[in-house]
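Structure first, then comments.
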Amino acid sequence: MSNPHAIDRVFAAIDAAEDEMVSFTSEMIRIPTVNPPGDAYVECAEFIGRRLVECDFAVDYPVAEGRPEHTPQHPRMNVVGLRRGRSDRPLVHLNGHFDVVPAGNGWTVDPFGGEVKNGRIYGRGTCDMKAGITAAIYAAEAIRRAGVPLHGSVEISGTVDEESGGFAGMAYLAQQGRVSADRTDAVIITEPTNTDRIYIGHRGVYWFEVITRGRIAHGSMPFLGANAIEHMGVILDRIRRVLMPVLQSRTTAVPVKPDGARHATLNINGIAGGQPVDGIQTPCVADICRAIFDRRFLAEEGFDATRAEIVDLLETAARETPELLFELRDLMIVHPVKTPDGASVVASLERSVQQVLGRPVLLAASPGTYDHKHVDRIAGVPNCVAYGPGILDLAHQPDEYCDIADLMHSTKVLALSLLELTGTTAV
Ligand SMILES: [Zn+2]
């Protein structure tokens, strides 16, 4: 961008749109797109689509036909808007997921009320990430209202199911070639990154299930059986004593934020064994116990070594414990992702954040996974980051909110980078 007056006009257009942006976000919050199961997706896709049409986008609604989670009760409908500039390329794609996790307990406001108070918009999905969808749309719209013709093109998508893996959402768009190296030059996912961070990837994920099988016997004579819950206890004890300190000692060179997530981690998602605890009890030795684990691994660890370490732990426990029998089932594997050094989307956002906020950007990697993996692996567009309004730590918490000031700042950052990444220099 060579013309500072054009930038001033774009920023003025964003400032002038504040009330519109806040009410658009509030209205989105009032559409309860809760996942699971995937409620109100069509309503929300069409709501976003109508606004994109008003902002001069050509809009269509890719529906994830053939995916098992796409059902008549819960159709998986995405929305994509394209606004061509003078040239098809460079094409910059801004993406946000509009599904939200369930509200949960502990709210002091209506989680689906879209309440605005104290300079904040409250509600489930405000920062994660309906405010980010607003920022994407109004970054592009402010450029249009300022009368600045884009050189390249801008595409904005609202997608489903990010919270449950994104297979009917961003992964589907990538599989259909809607986001692909053949047409897409840069992708910014407007997830909450505290306004001054750029997320350049995430750790790997290995979800697995361990099943221990024992032998049923009369509960008054447990020595005649083998208790599968006790055997799971042996495994859990070994994880706590032996594995956890090792994981904690490993640190990645990738700048994962918060700092605690720079280490390898393991969470126990759930456990069930023996008789259902709220059923009628009979005197039986538990013959089965199942537990689900969530292991987040570092790029330096790699998946193969991560899995081998679990196998070794289970085999050692089995060797040292009479009758301990186990099965290991892989449930989900996501390899770590990292935006390559020198990616134009990173350099551009670094400049834009500095210009808007007057401070340097923090490059960070996410503790959890998000749709970046599909953009990188399926679409083949490594020039991808997450950047958007809101505080990541508030995601999935009660009283989730987004500061309106954050929303305004990050919309300006996105507008600047849209101009630069679409090659819009002469205005
Ligand atoms: Zn999110």
Residue count, region 220-232 (criterion: surrounded by 15 or more Cβ atoms within 10 Å (Cβ to Cβ) and of a type outside the set (Asp, Glu)): 8
Candidate set: region 161-181, residues that are over 15 Å from the mean Cα position of the chain (by Cα) and part of a loop (DSSP other than H, G, I, E, B); chosen: the one nearest to the ligand (Cβ to nearest atom): 179
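Name the one entry in 154, 179 that is buried (at least 21 other Cβ atoms within 10 Å of the Cβ), over 17 Å from residue 371 (Cα atoms) and in contact with a helix residue (DSSP H, G or I) (Cβ under 8 Å, 6 or more places away or on another chain). Show your work before the answer.
Details: 179 fails: over 17 Å from residue 371 (Cα atoms).
After applying the criteria, what remains is 154.
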Failed item, numbered, when residue 184 is tested on (1) within 16 Å of the ligand (Cβ to nearest atom); (2) outside the structural domain of residue 284 (by TED's automatic domain parsing); (3) in contact with a strand residue (DSSP E or B) (Cβ under 7 Å, 6 or more places away or on another chain): (1)
Residue check, residue 142 in a helix (DSSP H, G or I), more than 16 Å from the ligand (Cβ to nearest atom) and out of contact with any Cys (no Cβ under 9 Å at 6 or more places or on another chain): yes
Residue 212 vs. criteria in contact with a strand residue (DSSP E or B) (Cβ under 6 Å, 6 or more places away or on another chain), among the polar types (S, T, N, Q) and closer than 30 Å to residue 315 by Cβ: yes
Filter result for the condition that a residue is of a type in the set (A, V, I, L, M) and over 30 Å from residue 423 (Cα atoms), over 79, 100, 148: 100
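Search region 349-377 for residues being under 20 Å from the mean Cα position of the chain (by Cα) and among the polar types (S, T, N, Q), and hand back the single one that is farthest from residue 179 (Cα to Cα). Talk me through it step by step, then tell me what you get.
We begin by selecting, within region 349-377, every residue under 20 Å from the mean Cα position of the chain (by Cα); these are 349, 362-377.
Adding the requirement that they be among the polar types (S, T, N, Q) leaves 366, 369.
On the way: 366: 22, 369: 19 Å.
Here the answer is 366.
The values are calculated or read from the model by the stated rules, or taken from the named source; none is laboratory data. These numbers come from a predicted model, not from an experiment. A quick note on method: Cβ atoms are made from the backbone with ideal geometry, for glycine too, and the neighbour counts reach across all protein chains shown.
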